[in-house]
């Protein structure tokens with residue numbers, strides 16, 4: 001039986017229309033060696049505006065995770081929104097799965113678009129890529145915003161009981177859900193107040209559209225994040241950085257936000273969003289954007305000015 005209706009596919013088309021209407025156009029960049037990156041870029045570049053790069057997490061492609069932010073960002077920035085490798089229309093034939101390689105591919109897209117310097121906002125997995133971009137290409141990154149990105153985690157943290165899961169396979173079962181039951185589990189973990197009801201057919205549809213493709217490759221991305229990860233191998237970055245965390249994040253517990261703040265010393269500012277889980281961009285988008293705007297556009301209103309003693313603000 002041919003599937004004739006897909007709510008997720010309809011949303012995909014709507015988001016494409018929404019991005020285009022907001023002033024972005026869809027582009028692909030061939031980076032060679034079987035690597036192609038898709039990116040939304042400005043239809044009209046405005047030299048008087050700063051640049052901003054938005055990097056999505058594992059939950060979905062760029063459109064799904066940044067749709068609520070496109071209009072306010074475009075009002076103030078030249079905005080670039082790539083699909084990371086194995087999301088949307090981005091892929092590679094190469095074997096690399098590290099955030100370092102993802103960052104190199106993003107840098108290649110920026111170079112192709114003649115972007116020499118940009119602010120970078122990364123959420124969750126996108127924050128790992130953003131941090132690596134800032135470390136590898138310091139001249140390219142002006143300011144950095146890291147949202148619930150556990151870049152300071154170590155492989156031993158799971159053994160030490162920091163996470164709710166006992167193994168990486170257990171985490172992958174709901175981070176990349178393949179059944180409605182696992183999708184429900186994902187909602188319970190990712191959201192502070194998860195949706196209580198969703199028809200099974202809708203969940204199956206979303207799984208088919210969002211999480212079936214590139215499953216093995218995305219599993220490789222998560223494995224590469226975790227395997228042999230040590231704080232001692234995490235490079236220091238020098239760019240000013242805003243760290244935003246959900247108070248009740250179950251994917252990357254808040255302790256990792258404090259750890260990242262300590263690692264960055266005076267370069268990092270930590271904001272904790274109250275009554276919020278891991279999916280800050282969906283649960284508290286207005287608060288998230290308010291802090292990003294204050295940090296990138298209105299320095300006098302930034303969290304560092306509000307609390308110079310601890311560098312932390314609880315919203």
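Derivation of every value follows stated rules applied to the coordinates shown; laboratory data play no part. In this text, all values refer to a predicted model and were calculated from it rather than measured experimentally. All Cβ positions, even for glycine, are placed from backbone atoms using ideal geometry, and neighbour counts span all protein chains on display.
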Next on the checklist: As a footprinting exposure proxy, order 254, 225, 110 by other Cβ within 10 Å, with the fewest listed first.
Outcome noted: 254, 225, 110
Checklist entry - What is the P(r) of the chain, as percent of Cα-Cα pairs per 20 Å bin from 0? => result 34, 61, 5, 0
Item to check | Residue with peak Gaussian network fluctuation, the chain [Cα springs, cutoff 10 Å], from 181, 255, 283 | outcome: 181
Item to check | Separation of alpha-carbon centers, segment 171-205 and segment 1-50, rounded to whole Å | outcome: 25
Next on the checklist: Need one number: nm distance between label points at residue 165 and residue 215, each 7 Å from Cα along Cα→Cβ, rounded to one decimal.
Outcome noted: 1.5
Item to check | Separation of the residue 195 and residue 93 label points, Cα + 7 Å toward Cβ, nm | outcome: 3.9
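Send over the Kirkwood Rh of segment 102-175, from the inverse of the averaged 1/r over different Cα pairs, rounded to one decimal Å.
Numbers: mean 1/r = 0.0726 Å⁻¹.
Evaluated over segment 102-175, this radius sits at 13.8 Å.
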Checklist entry - Under a no-solvent Debye model with one identical scatterer per Cα of segment 147-259, what's log10 I(q)/I(0) at q = 0.18, 0.20, 0.21 Å⁻¹? => result -1.04, -1.21, -1.27
Next on the checklist: Tell me the relative contact order for segment 14-112 as a rounded percent, counting alpha carbon contacts under 8 Å between residues six or more apart.
Outcome noted: 33
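I need 227, 290 ordered by Cβ neighbour count within 10 Å, fewest first.
Numbers: 227 11, 290 16.
Final ranking by Cβ density, sparse to dense: 227, 290.
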Checklist outcome for this item: Among 246, 34, 122, the residue with the largest mean-square fluctuation in a Gaussian network model of the chain built from Cα contacts under 10 Å is 34
Checklist entry - Tell me, 167, 52 in order of fewest to most beta-carbon neighbours within 10 Å? => result 167, 52
Checklist entry - When the convex hull of the C-alpha atoms of segment 15-134 is computed, what volume per residue in Å³ does it have? => result 88
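Please say if segment 71-224 is rounded, prolate or oblate, where rounded means a/c under 1.5 for a ≥ b ≥ c the square roots of the C-alpha gyration tensor eigenvalues, and otherwise the choice is prolate for a/b larger than b/c and oblate otherwise?
On the way: a/c = 1.72, a/b = 1.49, b/c = 1.15.
Prolate, because a/c is 1.5 or more and a/b exceeds b/c.
Suppose a student asked you for the relative contact order of segment 124-224, using Cα pairs under 8 Å spaced at least 6 residues apart; what percent would you report?
On the way: 62 pairs, mean separation 20.1, N = 101.
Reported as a whole number, the value is 20 percent.
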Item to check | the chain - percent relative contact order, Cα under 8 Å, separation 6 or more | outcome: 16
